[in-house]
Amino acid sequence: MCDILVATPKATEEKVMLFAKNSDRDPNEAQILEVIPRQKHEEETVKLTYVEFPQVKETYAVILSRPWWVWGAEMGVNEFGLAIGNTAVFTREKIPDKGILGMDIVRLALERTKTSKEALHVMVEVIESYGQGGNGSYEHKLLYSNSFIIADPKEAWVLETAGKHWAAKKIETVYSISNALTIDDDWDLASESVENLARKSNFSFAKHFSDRFYTHFAHGRERRAFTYRKLKEREGEITLEYMMEILRSHRFEPYSPEKGSMRDICMHYGGLTRPSQTASSQISELGKDVHWFTGTSLPCLSIFKPISFEGGIPESETPTNRYNPKNYWWRIEKFHRLFQTNHQKYIGRFSEERDELQMEIIRRAREVKENESPAELTKWAFEREKELVEKWEKKIVEGKYSLVYGIRWKKENQKAGLR
């Protein structure tokens, strides 16, 4: 499950495009945060997650956040300030077990296009020519179509799909998507198949293609209503800090992980009825060329760090779905799981220190000294988050979950080799 928000220059305080996403995945599905430079290619094909695909002569530099086992990306940005993210949507169209994941489509477009409109055309060409497919989960079967937000410094689009059918709409001010189709009959562009269907009266893309059962239990409509309302409330005054606040939010406060739900934006794992957890988050200030990633789970317990193409990512061993203290995602994840055993006791004081550190990092990023390299800034931000974690690890007295919730987490920790 995922949530993506965008605010165009018309809607932001600094008149820049703001793109934001929470990537929700299975709790042990660590994400890789990486910077891949521009590259030239001699090979004719590239191996996506499941299939071979024609390669191009040159791919652009990208910053990606992706599940450890996937070729594609949940979200990312390229050297031209093009940002893209996807969400799963559940439709009545049958999705094959093998094919091109929505995450693969995200990376293909980021590596090969410069603008949102160009990316849109490449993405729909892939969807119409090859279709979508493949299992979107490492641990269980999950087949779905995709919705996307595509944004560059000047223009943003929402693209929604159902198998090979699609509709797209240009975003004028603010927009958000979750795990439910949102476009009715107000698209700007659509596949020929959708245009033919629309000749019937009262046609709605969302109503026609949505699978009611899975869409209902994913609670995407409720989360989308929440994020869209938040954006509209501050339209014209939206800031980076406000986007962080939304991505860190829960449906109800004071929050308890045991009583959370699929309606939360910062989603905490909860078992059968809440199988996902926010695995990584991104906010990009497009046009300013400043990109903020957590590279860790649970934004309410994480710090957004500035990532640049020049600065790269601090060295960390590549993760899998097994605990590894030498990997940054897992190092912080161990702390997050400890914290959640006694969340309500500590979250008030922790949030104050988290916000103080976040503002310190934002100020320093905006006032980068001429003699400080992007790599030094990024490394410093990661180190400051680690210092915060180490400080709080000494403070926390481990609590106890309720019986059922505790059994669920014990099972996940055992699968990850985390004691």
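Between the stretch 127-177 and the stretch 208-261, how far is it from one alpha carbon centroid to the other, in angstrom? So the separation of the two Cα centres works out to 18 Å.
With +1 assigned to the C-beta of every Lys and Arg and -1 to the C-beta of every Asp and Glu, and no other charges, what is the dipole magnitude of the chain about the Cα centre in debye, to the nearest 20?
With only Lys, Arg, Asp and Glu charged at Cβ, the dipole is about 1520 debye.
On the beta carbon distance between R349 and K10, with R0 = 35 Å, the FRET formula returns roughly 0.35.
Carbon and sulfur atoms: what percent of the 1.4 Å accessible area of the stretch 170-244 do they account for? Here carbon and sulfur together make up 46 percent of the probe-accessible area. Among the listed values [x] 58, 54, 53; [y] 77, 51, 40; [z] 63, 54, 46, the one computed from these coordinates for Cα extents along the principal axes in Å is [z]. Using the Cβ-Cβ distance between R419 and F217 with R0 set to 30 Å, the FRET efficiency works out to roughly 0.40.
With everything on Cα atoms, drop me the angle between helix 116-130 and the longest principal axis of the chain, reported from 0 to 90° to the nearest 10. Between helix and principal axis, roughly 70 degrees. Only protein atoms count toward the accessible area here, which uses a 1.4 Å probe; on the stretch 1-66, the carbon and sulfur part of that area reaches 51 percent. Taking a point 7 Å out from the Cα of N202 in the direction of its Cβ, none of the residues of the stretch 68-95 has a backbone N less than 14 Å from it. When the Cα positions of S191, P153, G76 are compared along the charge dipole of the stretch 73-196, G76 comes out farthest toward the positive end, with charges on each C-beta of Lys, Arg, Asp and Glu.
Taking label points 7 Å from Cα along the Cα-to-Cβ direction, L142 and K47 give a separation of 2.3 nm. The stretch between K98 and K164 holds 22.3 nm of extra length on full extension. This uses 0.36 nm per residue minus the Cα-Cα distance. Heavy atoms of the protein chains alone define the surface here; on that basis the chain has 43 Å² accessible area per residue at 1.4 Å probe size.
In this Cβ point-charge picture (+1 for Lys and Arg, -1 for Asp and Glu), the stretch 1-139 has a dipole of about 340 debye about its Cα centre.
Our estimate of slack between E235 and R363, defined as 0.36 nm per intervening residue step minus the Cα-Cα distance, is 43.7 nm.
Keeping the other protein chains in place, figure out the carbon and sulfur percent of the accessible area of the stretch 304-359, with a 1.4 Å probe. Of all accessible area on the stretch 304-359, carbon and sulfur atoms account for 47 percent. For a modelled paramagnetic label at K288, 7 Å from Cα along Cα-to-Cβ, the residues of the stretch 18-51 in reach, with backbone nitrogen under 14 Å, are 18-20.
Dipole size of the stretch 346-419 about its Cα centre, with +1 on Lys/Arg Cβ and -1 on Asp/Glu Cβ: approximately 640 debye, rounded to the nearest 20.
Placing unit charges on each Cβ (+1 for Lys and Arg, -1 for Asp and Glu) gives the chain a dipole about its Cα centre, and among F304, F209, L120 the Cα reaching farthest toward its positive end belongs to F209. For the chain, the antiparallel share of DSSP beta bridges with both residues in that region comes to about 95%. For the chain, the 222 nm mean residue ellipticity estimated from helices alone, with every DSSP H stretch of n ≥ 4 adding -39500 (n - 2.57) and the total spread over all residues, rounds to -10500 deg cm²/dmol. In terms of packing, defined here as the mean over residues of other Cβ atoms within 10 angstrom, the peptides 141-147, 182-188 line up highest first as 141-147, 182-188. Would you work out the relative contact order for the stretch 77-126, in percent, from Cα pairs under 8 angstrom that are 6 or more residues apart? Once divided by the residue count of the stretch 77-126, the mean separation gives 43 percent.
Note the angle between two axes, namely the Cα long axis of helix 328-340 and the longest principal axis of the Cα atoms of the chain, as a number of degrees from 0 to 90, rounded to the nearest 10. Tilt of helix 328-340: around 70 degrees. In the chain, a dipole from Cβ-located charges (positive for Lys and Arg, negative for Asp and Glu) runs towards its positive end, and of F293, A381, W329 it is W329 whose Cα lies farthest in that direction. The angle between the Cα long axis of helix 374-395 and the longest principal axis of the Cα atoms of the chain comes to about 50 degrees, rounded to the nearest 10.
Accessible area of R92 (1.4 Å probe, protein heavy atoms only, ligands and nucleic acids ignored): about 140 Å².
The values are calculated or read from the model by the stated rules, or taken from the named source; none is laboratory data. From a predicted model like this one, the values you see are computed outputs, not experimental measurements. In this analysis, Cβ positions are derived from the backbone assuming ideal geometry, glycine residues included, and neighbour counts consider all displayed protein chains. Accessible surface areas use protein heavy atoms only, side chains included; no ligands, DNA or RNA. Shrake-Rupley method; radii C 1.70, N 1.55, O 1.52, S 1.80 Å.
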